[in-house]
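Mind looking over this structure? Questions follow.
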Amino acid sequence: MHISPVNVNYHPSYQNISYKNKTVQSPVETQKEDKKNSKGAKIGIAVGVGAALVAIGAVLVSRGKALQNKKLLSQIPADLRTRFEKLKGLSGEEFTQKAYAEMVEHMGLKGIAPEKIVIKGADSLNGVQGGYSCLKNTIEYTEGFSKMSQKAQIGLLSHELHHCRQFSNMLRTEGITVEKYVDATAENLIKNMQNDISNFSFRMSYKRAQEAGKLDEFLAKVKKQAVDTFTEDVNKNYSHVLKMPKIKADSPEGKKAFEYLKAMREYEGLDSIFGFASEAYKNNLLEVEAYDLQHKIEDLFEKFMQATK
């Protein structure tokens, strides 16, 4: 069959025409295709530009983050950065003991502080319990301590180690003898026993002595017993500290040690039942200094972790 070179039924609205068994685009479709290609090219360019901008943005974000991390690390003393680095990847009690050892070194307390932190006993209803003993020279916490956040652990360890420094400096300062140290501790014990509503045995004995008109005699007896026991404890548990060079009484450290001694007589511990902290506790020099250091170390550790994650 013969095919006409041009379909006489051609109409501009047709999408194509038949020419010698071949399909060719109509002028209208050709214009549409040109526009489509032009639009596609523009989209391609836009996508390319967008991808380039995303890449540039990613680089800028990366550089910004690197600069921020560098700034954070610059706020951390070099010695602490090195020690924090050694703690990465550790967890549980392994982290606790390593963090303790590093903080002992950082604070210059090697040979003064306890060799290690002791973890023993179940937590109370109020949570983890423990702290520094100014008679035994120990730092002990209940089992939940190693499950706390690493930031909280290293902060509390620095807190208790500062107490170790405070009490050790008292014993090393000229004019503050073991006798004065123990006397202040015994006085503080009796004061807190009188205020401790959970100490039923002491309160009953106190009341009986008061009713019998022998309160002074009773308190003197309690103090003597405390002094005898405390003296033995201090001489034994701080034997290495007592052999160290003395701190001059008129030096900044010596003057501060006498302030510590006064603060120890006035010291109030946390509430024995609910663990509440009174204003007297919060404002006591011994705690003010320890909490200041705790918060500082926690802040530096958090910055280190943020900059190196």
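Look through region 166-183, keep the residues that are surrounded by fewer than 21 Cβ atoms within 10 Å (Cβ to Cβ) and touching a residue at least 12 places away in the same chain (Cβ under 8 Å), and return whichever of them is nearest to residue 95 (Cα to Cα).
Of everything passing the filter in region 166-183, 169 is nearest to residue 95 (Cα to Cα).
Under 6 Å between Cβ atoms, at least 6 apart or on separate chains: pull out the pairs that start in region 212-236 with a residue that is surrounded by fewer than 13 Cβ atoms within 10 Å (Cβ to Cβ) and end on any residue that is in a helix (DSSP H, G or I).
Pairs that qualify, where the first residue is surrounded by fewer than 13 Cβ atoms within 10 Å (Cβ to Cβ) and the partner is in a helix (DSSP H, G or I): there are none.
If a residue has to be buried (at least 18 other Cβ atoms within 10 Å of the Cβ), hydroxyl-bearing (Ser, Thr, Tyr) and in a loop (DSSP other than H, G, I, E, B) to count, how many in region 240-272 make the cut?
Residues meeting the conditions: 1.
Looking at region 99-122, which of its residues are touching a Lys or Arg at 6+ places or on another chain (Cβ under 9 Å) and closer than 14 Å to residue 145 by Cα?
Kept after step one, since they are touching a Lys or Arg at 6+ places or on another chain (Cβ under 9 Å), are these residues of region 99-122: 99-109, 112-114.
Correct list: 99, 100.
Answer yes if at least one residue in region 185-204 is farther than 22 Å from residue 135 by Cβ, of a type in the set (A, V, I, L, M, F, W, C) and surrounded by 13 or more Cβ atoms within 10 Å (Cβ to Cβ), and no otherwise.
No - not one qualifying residue is present in region 185-204.
Here's another thing I want to ask about it. For region 134-176, name all the residues that are basic (Lys, Arg) and within 16 Å of residue 299 (Cα to Cα).
151
Of 263, 307, which residue is closer than 23 Å to residue 129 by Cα and of a type in the set (Gly, Ala, Ser)?
263
Which residues, counting only those in region 74-105, are part of a helix (DSSP H, G or I) and either more than 16 Å from the chain's Cα centre (by Cα) or small (Gly, Ala, Ser) (or both)?
Those that are part of a helix (DSSP H, G or I) and either more than 16 Å from the chain's Cα centre (by Cα) or small (Gly, Ala, Ser) (or both): 74, 78, 79, 82, 92, 94, 99, 101, 105.
For residue 269, state whether it is touching a strand residue (DSSP E or B) at 6+ places or on another chain (Cβ under 8 Å) and within 25 Å of residue 136 (Cα to Cα).
no
Where a number appears in this text, it was derived from the coordinates with a stated rule and is not lab data. Owing to the predicted nature of the structure, the values given are computational and were not obtained by experimental measurement. Virtual Cβ from ideal backbone geometry, glycine too; neighbours counted across all protein chains shown.
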